[in-house]
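Novice: Attaching a single structure in structure tokens format; questions to follow.
The values are calculated or read from the model by the stated rules, or taken from the named source; none is laboratory data. None of these values were measured; they are calculated from a predicted model. Heads up, the Cβs are rebuilt from the backbone with ideal geometry, glycines too, and the neighbour counts pull from every protein chain shown. In case anyone asks, the SASA skips ligands and DNA or RNA and just uses the protein heavy atoms, side chains included. Shrake-Rupley method; radii C 1.70, N 1.55, O 1.52, S 1.80 Å.
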Amino acid sequence: MTIPITLAGTSALVTGGGAGIGRAVAVRLAQAGANVAVTDIVATAAWETCELVRAEGREGIALIGDMTDPDQVDQLIEEAAQRLGGVHIGVNNVGMLGKHTAAPFLEWTARAMSDVVTGNLLATMYSCRAEATAMISRGIGGVIVNVTSGETTRPAVRLAPYGAAKAAINHLTRTLAIELAPHRIRVNAVAPGTTLTHDVAARLGAEYRQALKASIPLGGELSDPRDLADLVLFLASDLAAHTTGQFLLSDNGAFLSRSRPELTAG
Ligand SMILES: NC(=O)c1ccc[n+]([C@@H]2O[C@H](COP(=O)([O-])OP(=O)(O)OC[C@H]3O[C@@H](n4cnc5c(N)ncnc54)[C@H](O)[C@@H]3O)[C@@H](O)[C@H]2O)c1
């Protein structure tokens with residue numbers, strides 16, 4: 001007996017799918033049979049991911065815009081739904097520190113706090129609303145997966161606004177799981193371990209990277225973007241048909257570790 005994971009006949013949308021984890025998610029969902037819309041603020045990045053989606057034999061569409069602007073979010077997600085025959089799977093991946101660096105709380109300016117809360121919590125909230133609206137208006141049910149952070153499992157020292165914004169997304173996820181359940185929409189949150197995307201690999205100091213690696217309970221390297229993509233694939237599939245309102249990590253146990261080092265550099 002084989003147990004297939006297939007997303008054949010579905011359409012997915014990945015926000016911030018032009019790079020890093022979002023790109024890996026877009027490709028993985030396409031490999032499982034989904035057509036994929038990729039939103040990104042950087043046009044070339046979205047186009048490149050769409051090429052990878054098409055190389056898997058699926059339809060890939062690039063939607064360029066800023067997911068922190070609620071009007072653009074509504075417009076882009078409705079466009080995706082119209083062009084792909086609905087959005088069955090919404091992966092809200094836009095986030096991160098943007099141009100800001102980790103710093104003690106008292107050094108965070110109001111502007112930096114606002115940017116980080118907007119770029120993580122509000123971007124996710126706007127996307128959830130637009131995806132659920134598109135799903136409900138077509139009566140197709142669906143799955144929403146919000147990307148948060150392992151920093152929500154412990155005090156996010158030097159990352160207070162980021163940790164707070166991501167923790168709020170976990171709470172939003174549980175609330176929406178209840179509110180959207182009557183529409184057959186499941187809502188879950190996922191988090192990667194520290195993941196060697198292009199930007200993170202370039203930013204991590206060698207000493208900190210080694211200390212992080214040494215603290216991982218299951219051993220091995222820091223996370224790869226494909227690790228989280230596999231978790232998203234599971235949650236998007238019917239194998240997770242009874243799973244909603246949950247927060248799951250794919251981090252080799254990293255955030256369970258008592259010896260995980262605090263962030264010391266941007
Ligand atoms: N990489 C990690 O170690 C790590 C760890 C924990 C959580 N995360 C979370 O995973 C998610 C993805 O992180 P990543 O490291 O792959 O990021 P990344 O910076 O490599 O890629 C993010 C993509 O989103 C796009 N983007 C950024 N702001 C946007 C906006 N306002 N509108 C549209 N597109 C926008 C960027 O252009 C980029 O293509 C984020 O939510 C992040 O907080 C990452």
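Novice: Report the relative contact order of the stretch 186-228, percent, no decimals, based on alpha-carbon pairs under 8 angstrom and at least 6 residues apart.
Specialist: The normalised contact order for the stretch 186-228 reaches 57 percent.
Novice: List the residues, sorted by chain then number, that are 5 or more residues from residue 249 or on another chain and whose placed amide H is less than 5 Å from its amide H.
Specialist: 191
Novice: What does the stretch 126-181 give for Rg and for Dmax, in Å, if only its C-alpha atoms count?
Specialist: For the stretch 126-181, the Cα radius of gyration and maximum Cα-Cα distance read 13.6, 43 Å.
Novice: What angle, in degrees between 0 and 90 and rounded to the nearest 10, separates the Cα long axis of helix 160-180 from the longest principal axis of the Cα atoms of the chain?
Specialist: Between the helix axis and the principal axis of the chain, the angle is about 30 degrees.
Novice: Please report, for the Cα atoms of the chain, the Rg to one decimal and the Dmax as a whole number; what are they, in angstrom?
Specialist: Just the Cα atoms of the chain yield Rg and Dmax of 17.6, 58 Å.
Novice: If R0 is 41 Å, what FRET efficiency do you get for residue 105 and residue 184 from their C-beta distance, rounded to 0.05?
Specialist: Given R0 = 41 Å and the Cβ-Cβ separation, E is 0.50.
Novice: Over the stretch 11-256, with every protein chain in place, what whole percent of the accessible area is carbon and sulfur at 1.4 Å, could you tell me?
Specialist: Details: 5920 of 10570 Å².
Percent of accessible area from carbon and sulfur atoms in the stretch 11-256: 56.
Novice: Nearest 0.05, what FRET efficiency do residue 138 and residue 199 give at R0 = 30 Å with Cβ-Cβ as r?
Specialist: Efficiency, from the Cβ-Cβ distance: 0.25.
Novice: Compute a Gaussian network model of the chain, connecting alpha carbons closer than 10 Å, and tell me which residue from 210, 72, 31 fluctuates the most.
Specialist: 210
Novice: What distance in nm lies between label points placed 7 Å from Cα along the C-beta direction at residue 259 and residue 43?
Specialist: Going by the 7 Å Cα→Cβ label model, 5.0 nm.
Novice: Right, something else. Can you give the Rg/Rh ratio of the stretch 66-161, where Rg is from the C-alpha atoms and Rh is the Kirkwood radius?
Specialist: Numbers: Rg = 15.6 Å, Rh = 14.6 Å.
So for the stretch 66-161, dividing Rg by the Kirkwood Rh gives 1.07.
Novice: Can you give me the accessible area per residue for the stretch 78-208, using a 1.4 Å probe, in Å²?
Specialist: On the way: 5780 Å² over 131 residues.
Normalised by residue count, the accessible surface of the stretch 78-208 is 44 Å².
Novice: Same structure, new question: Tell me the volume per residue, in Å³, of the convex hull enclosing the alpha carbons of the stretch 1-134.
Specialist: Per residue, the Cα convex hull of the stretch 1-134 comes to 119 Å³.
Novice: So what does log10 I(q)/I(0) come out to for the stretch 75-122 at q = 0.21, 0.23, 0.24 Å⁻¹, using the Debye formula with one equal point on every Cα and no solvent?
Specialist: Rounded to two decimals, the profile gives -0.75, -0.82, -0.86.
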